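Reviewing the structure listed below.
The values are calculated or read from the model by the stated rules, or taken from the named source; none is laboratory data. Keep in mind it's a predicted model, so treat the numbers as computed, not measured. Here Cβ is always computed from backbone atoms with ideal geometry, including for glycine, and neighbour counts include all displayed protein chains.
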Amino acid sequence: MADGALLELARSGDEAAFAELVTPYRRELHVHCYRMLGSFDDADDALQDTLVAAWRGLPAFQARASVRTWLYRIATNTCLNLIRGAARRPQMTQPLPAAAPQPSGSVEVTWLQPYPDKLLDGLPDSDLGPEARVERTEAVSLAFVTALQLLSPRARAMLILGDVLGFTAREIADVLGSSQEAVAMAASRARRKLRQHAPAPEASHGAAGTPAQERMARRLAAALAAHDIDAVVSLLAADIQIAMPPLPAVWQGRERAAEFLTEVAFRLVPEARFIETRANRQPALAVYTRDRASGLWRGSGLLVITQRGDQISGLTRFESHTLRPFGLPGILPDHDAPGTSPGRA
């Protein structure tokens with residue numbers, strides 16, 4: 001049924017018609033909210049708030065713009081409201097172990113969460129507009145999403161709508177209640193600031209799902225499972241950075257990374273198994289550790305790999321609750337040999 005007919009039915013109170021009207025846009029709206037907020041969980045909330053607001057706002061929708069543009073307007077302003085009302089500094093779940101080496105520095109964006117590739121694969125071809133400046137893979141990389149969070153909320157919205165989604169300056173001005181001139185000036189400043197914080201696309205990761213990335217993930221999993229620190233270090237770039245959101249601390253450089261893995265990861269996790277997966281168009285490893293009480297292998301986190309050429313330039317370890325949208329098992333069967341990577345997700 002055409003959007004016009006569905007719209008009329010929805011306006012008459014037909015919830016099924018409304019669901020059919022908005023369902024084609026749900027996934028791309030969720031990704032938009034994720035880019036705005038940097039958090040999968042917050043994007044869930046923002047999408048639900050967006051759809052509720054759209055249902056309530058149907059009587060006022062005059063269809064001067066497309067349904068898609070109208071929904072993006074609601075989603076963007078929903079995110080801006082959430083950012084204004086949210087405390088964006090999650091508390092650390094636990095202090096650093098006493099044996100942890102001194103961090104090299106800290107990061108502002110502690111609320112970052114990963115986004116499963118299997119959900120990104122469901123995006124329609126139209127999610128990026130013809131005028132988009134940012135390539136599809138770069139647009140969801142951890143580096144890009146992190147850098148977006150360092151922009152002011154309105155500048156973030158302008159850049160995503162224009163450079164990622166390909167909205168015109170007129171459309172962006174309409175979404176944000178601004179002028180086209182103000183949008184153009186703010187977007188230019190946002191691009192300059194973004195370039196200061198985000199590496200060039202080719203410096204962050206290669207094409208999605210390449211054999212080289214898969215080999216690197218398998219080699220890293222085997223080295224970590226064996227506690228072979230020399231093998232791990234051989235895979236790392238000189239400026240490797242390890243991060244563990246929501247901890248603000250980061251460890252940079254091979255020597256600091258080796259000390260961190262030896263004194264923290266290997267000491268606290270004597271046994272680990274891994275499942276290869278993908279997040280943010282990057283290779284990732286779901287981490288499973290043995291529960292001492294039950295002997296079961298339970299999902300304990302996600303390690304997202306940032307690769308530059310044939311080396312690993314970043315390791316970002318997320319907490320266990322971020323595994324939920326990946327569709328991975330919470331507990332692994334015990335028939336595989338410990339330390340092996342039992343499969344891909």
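Highlighted here are the helices (runs of 4 or more DSSP H) found entirely within region 2-75 that include at least 2 residues which are in contact with a Leu (Cβ under 9 Å, 6 or more places away or on another chain) and under 26 Å from Met158 (Cα atoms): 15-22, 26-37, 40-57. Tell me whether region 313-335 contains one or more residues that are surrounded by fewer than 22 Cβ atoms within 10 Å (Cβ to Cβ), closer than 18 Å to Ser234 by Cβ and modelled with pLDDT of 95 or more. Among the residues of region 313-335, at least one is surrounded by fewer than 22 Cβ atoms within 10 Å (Cβ to Cβ), closer than 18 Å to Ser234 by Cβ and modelled with pLDDT of 95 or more, which makes the answer yes. From the list Ala184, Ala217, the one residue that fits, being part of a helix (DSSP H, G or I) and within 30 Å of Ala265 (Cβ to Cβ), is Ala217. When Gly209 is tested against (1) small (Gly, Ala, Ser); (2) surrounded by fewer than 20 Cβ atoms within 10 Å (Cβ to Cβ); (3) assigned by TED's automatic domain parsing to the domain that holds Thr322; (4) at pLDDT 90 or above, exactly one condition is not met: (4). Report yes if Arg156 is free of Cβ contacts under 8 Å to residues at least 40 places away in the same chain and basic (Lys, Arg), otherwise no. Considered against the rule, which asks whether it is free of Cβ contacts under 8 Å to residues at least 40 places away in the same chain and basic (Lys, Arg), Arg156 comes out as no. If you check Glu131, Glu108 for being closer than 21 Å to Asp41 by Cβ and either in contact with an Asp or Glu (Cβ under 6 Å, 6 or more places away or on another chain) or of a type outside the set (S, T, N, Q) (or both), only one passes: Glu108.
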